[in-house]
Amino acid sequence: MPARILDGKALARSLHLELKAQAQVLRAGGVVPTLAVVDASGDPAALQYLERKRDRAQALGIDVRVFAFNPAMQQEGLLQLIIQLNTDPSVHGIILEQPVAPQFKAHSLLAAISPNKDVDGTSPASQGLLALGTPRFVSATALAAITLLEHHRIPVAGREAVVIGRSTVVGRPAAFLLLQRDATVTICHSKTRDLAEHTRHADILIAAAGRAGLVRGAMIKPGSTVVDVGTNFVSGRTVGDVAFAEAAEVAGAISPVPGGVGPVTTALLLQNVLRAAADDARTTSVRQ
Ligand code: NAD
């Protein structure tokens, strides 16, 4: 029987309604929720994605200030920009577009982002809190994968979960979120010897390798849940890491690409911006 589809577009639409209402409340109280995006990647694809994010945010009542890539920019200048954004009271969230161009050291730039404004959970402080099981802001992509499971009432506690990918942006935070929800978690990566041996035991499989068609139908446990985070461009089409048609014949539930994790990611990132703005408004009113 073909798998149930974990539809991210429908979930994102319902999240957008909630976010729009939250933004209106903040604006009525004189707070304009604002996200600052620092593009240190120099990647034209990142810019395109960023423009889509900005359009979505603005439609919901969230301002986005983009600090465009400048090839003359040095590490110190970027660091100063982040420090200035940390102390700017009109900015509630800061994202550094990754991967950064080779002239920059990502670690020290991410470490400079204030944990109160780190809405994509990429700073070492945010990652440490997540690893300790007390997250504050978490990578919106990892959170989107888990939110898809929760929204579709897929049980996680006690289940065997396999995450393919160990990046600090997707794989690791997804694994920690699953662990926090009491799954038994295995992280696979490029040096894993027999990937299929692990994936075949997974009740929940999260694919985040960035390799089109890496996960074949025969690698999937019948009836399991597959969340495909991969976003790969092949012959002008966007595809995931999972060979969708054959996987959908074996899995019990599967997220499509496009239309699965992607739309939920943007919604959850914007939700984090609103949370940061609301937290800031609360602290400011307590101080006054
Ligand atoms: P990355 O390149 O930083 O990490 C990829 C990970 O996959 C690495 O840990 C690597 O060890 C592992 N890997 C690579 N080849 C493998 C293989 N053959 N077998 C097992 N593991 C393998 O990528 P990332 O930033 O973590 O992104 C992963 C994917 O998620 C990409 O396709 C990216 O485009 C996508 N992504 C999607 C969203 C979204 O909103 N949908 C957001 C961010 C990233």
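For the chain, what is the accessible area per residue in Å², given a 1.4 Å probe and the full set of protein chains?
Spelled out: the 1.4 Å probe surface of the chain, per residue, equals 47 Å².
May I ask for the Kirkwood hydrodynamic radius of segment 31-114, worked out over all distinct Cα pairs and given in angstroms to one decimal?
Every distinct Cα pair counted, the radius reaches 13.1 Å.
Is segment 140-262 rounded, prolate or oblate when judged by the Cα gyration tensor, a ≥ b ≥ c being the square roots of its eigenvalues, rounded requiring a/c under 1.5 and prolate requiring a/b larger than b/c?
Because its axes are fairly even, with a/c under 1.5, segment 140-262 counts as rounded.
Which pairs, out of LYS9/LYS53; LYS9/LYS221; LYS53/LYS191, put more than 22 Å between their alpha-carbon atoms?
Exceeds cut-off: LYS9/LYS221; LYS53/LYS191.
With a 1.4 Å probe and all protein chains left in place, how much of the accessible area of segment 36-180 comes from carbon and sulfur atoms, in whole percent?
56 percent
D for segment 118-171, whole µm²/s, Stokes-Einstein with Kirkwood Rh over alpha-carbon pairs at 10 °C and 1.306 mPa s: what number?
132 µm²/s
Find the Rg to Rh ratio for the chain, where Rh is the Kirkwood radius over alpha-carbon pairs and Rg uses the same atoms.
Taking Rh as the inverse mean 1/r over Cα pairs, Rg/Rh reads 0.98.
What are the extents of the Cα atoms of segment 217-280 along their three principal axes, listed from largest to smallest and rounded to whole Å?
Principal-axis extents of the Cα atoms in segment 217-280, largest first: 49, 30, 14 Å.
Cross-link partners among aspartates and glutamates for LYS117, C-alpha distance below 18 Å, same-chain residues fewer than 8 apart left out?
ASP39, ASP63, ASP88, GLU97, ASP279, ASP280
The values are calculated or read from the model by the stated rules, or taken from the named source; none is laboratory data. Everything numeric here is computed off the predicted structure, so don't read it as measured data. Quick note on the areas: whole protein, heavy atoms, side chains included, nothing else; ligands and nucleic acids left out. Shrake-Rupley method; radii C 1.70, N 1.55, O 1.52, S 1.80 Å.
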